Amino acid sequence: MFVARHSHVDRNPVTQQAIATQRRKREQSKRETEQFKWRQTLKEREEAELRAKMERAEMQRREHIERYIAEREILRDMPRQISARIDRQLRNKHRLEYICKWICTVFGVSRMELRSERRTARLAHARQAFFYWSKQLTPCSFPQIGDFIGKDHTTVIHGARVYEENRHKKRATIRKTDPGKTIWWMT
């Protein structure tokens with residue numbers, strides 16, 4: 001069956017204008033509905049994001065308060081802990097200074113020479129002795145000993161190990177006789 005695409009009603013200009021107006025209204029209505037839906041979803045999305053932000057802010061505030069309370073409790077005991085730690089550090093530094101002075105006197109070197117970059121046998125042996133005795137007589141770590149004398153902690157480890165090996169090989173200890181002279185006494 002053949003259906004005419006355009007009927008005789010379509011040819012009337014008034015009718016065509018009315019149909020075109022209805023079509024435009026339908027399309028505009030459709031666009032408005034889509035825009036409304038889009039705005040609604042956008043608005044809902046923005047509201048959801050805002051709610052999520054507010055919840056995150058509330059959680060962060062609670063965590064901050066909990067952290068503050070915990071820190072406040074820790075800080076009550078802090079003065080005692082800090083003073084004990086400072087006392088320990090000062091005692092260790094004082095011990096290192098005493099050992100340094102003793103090694104310098106025994107080996108006849110100055111503290112500047114002990115800290116220098118020179119690697120003569122006399123200075124190297126004095127440094128090794130300082131490393132060894134500092135580790136034996138203080139609770140200081142290798143990095144702390146190295147920082148005191150201006151050397152790396154691996155240098156301190158190696159120096160203490162070499163001094164101990166030489167000491168055991170020779171089965172000797174250091175004894176001071178005259179200022180600036182060192183004698184090895186057999187034990």
> Given the residues 76, 51, 56, which is the only one that is at pLDDT below 85 and among the basic types (Lys, Arg)?
Replying inline: 76
> Looking at residue 68, is it under 23 Å from residue 167 (Cα atoms), at pLDDT below 90 and either out of contact with any strand residue (DSSP E or B) (no Cβ under 8 Å at 6 or more places or on another chain) or surrounded by 10 or more Cβ atoms within 10 Å (Cβ to Cβ) (or both)?
Replying inline: no
> Within segment 79-103, how many residues are modelled with pLDDT under 75 and either surrounded by 10 or more Cβ atoms within 10 Å (Cβ to Cβ) or basic (Lys, Arg) (or both)?
Replying inline: 11
> Residue check: is residue 115 closer than 20 Å to residue 153 by Cα and either buried (at least 18 other Cβ atoms within 10 Å of the Cβ) or modelled with pLDDT of 90 or more (or both)?
Replying inline: yes
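The values are calculated or read from the model by the stated rules, or taken from the named source; none is laboratory data. Please read these numbers as outputs of a predicted model, since none were measured by experiment. Quick reminder, even Gly has a Cβ in these numbers, built from the backbone with ideal geometry, and neighbours come from all protein chains shown.
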